[in-house]
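Have a look at the structure below, then the notes.
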Amino acid sequence: MQLNDLYKEIILDHYESPHNRGRPPHADIEAEGSNPLCGDDVEVYVALDGECLKEVHFDGSGCAISLAAASMMTEVLQGKSREEVRQISDQFKAMMHGEDVALPEELEDLESLKGVANFPLRVKCALLPWVTLEHGLANEDAGQRVSIEVE
Ligand code: ZN
């Protein structure tokens, strides 16, 4: 099996059997992000426990890449501190902008999206859940759902 096929399989797997999908009963942060170029709409829900993202969920509709990226994101960020989230997010963004980033083993599913960096329009799809989460974290005092559009 070629590496590309393996990556494709990981992405399809997250798309077809998403992790942490659906609006949770309780969320401290609710953010929705849209990528009008592709028609992706992703909602991100976070339950906080102090400095930790105790639970991260997503919902929405969109292309396979945006939804697989959202599923992977919720998976790797579960229980992480805000600082860890910032670091992982920075690494992921650098990778999606074509930088050679060595991700730690626990983040290896994210590597499956590496090839997307060659398709600038699809990079927005992969980054959408991350941008949406960041926007939610930055506006957590808003006390209501916040939204952002990537362009
Ligand atoms: Zn998309």
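The values are calculated or read from the model by the stated rules, or taken from the named source; none is laboratory data. Keep in mind that what you see is a predicted model, and the values were worked out from it rather than measured. All Cβ positions, glycine included, derive from the backbone under ideal geometry; neighbour counts span all protein chains shown. With ligands, DNA and RNA removed, areas are computed over all heavy atoms of the protein, side chains included. Shrake-Rupley method; radii C 1.70, N 1.55, O 1.52, S 1.80 Å.
Backbone amide hydrogens, once placed in the peptide plane, bring residue 78 within less than 5 Å of nothing, excluding anything fewer than 5 places away on its chain. Counting only heavy atoms of the protein chains and using a 1.4 Å probe, residue 88 has close to 10 Å² of accessible surface.
Only helices enter the 222 nm calculation for the chain: every DSSP H run of n ≥ 4 contributes -39,500 (n - 2.57), and dividing by all residues gives -14000 deg cm²/dmol, rounded to 500.
For region 5-105, which GluC sites (Glu not before Pro) are both in a DSSP coil and crowded by at most 16 other Cβ atoms within 10 Å? Passing both the DSSP loop test and the Cβ count: 51, 99.
Mind counting lysine pairs for me in region 1-146? Cα separation below 21 Å, and the two need to be 8 or more apart along the chain or on different chains.
Values: 8/93; 8/114; 8/124; 54/80; 80/93; 93/114; 93/124; 114/124.
For region 1-146, qualifying lysine pairs total 8.
In a Gaussian network model over the chain where Cα atoms closer than 10 Å are linked, find which of 79, 98, 33 has the largest mean-square fluctuation. Most flexible of the set in this elastic network: 98.
Need one number: the % of Cα-Cα pairs in region 9-66 sitting beyond the 12 Å mark. Mind dumping the intermediate values first?
Working: 1106 of 1653 pairs.
Beyond 12 Å sits 67 percent of the P(r) for region 9-66.
Note on residue 94/residue 121: beta-carbon distance plugged into 1/(1 + (r/R0)^6) with R0 of 30 Å gives a FRET efficiency of 0.95. Please find, in a Gaussian network model of the chain (springs between Cα atoms separated by less than 10 Å), the residue of 69, 94, 31 whose mean-square fluctuation is greatest. Judging by the Gaussian network model, the answer is 94. When the chain is treated as a GNM with alpha-carbon contacts under 10 Å, the residue of 128, 53, 67 showing the greatest mean-square fluctuation is 53. Taking amide H positions as modeled 1.01 Å from N, with prolines and chain starts lacking one, the residues under 5 Å from residue 60 and 5 or more places away or on another chain are 43. Here the gap between residue 106 and residue 4, fully extended at 0.36 nm per residue and compared with their Cα-Cα distance, gives a gain of 34.8 nm. Rg and Dmax over the alpha-carbon atoms of the chain stand at 14.3, 48 Å.
About its Cα centre, region 3-149 has a charge dipole of approximately 360 debye under the convention of +1 per Lys or Arg Cβ and -1 per Asp or Glu Cβ, with nothing else charged.
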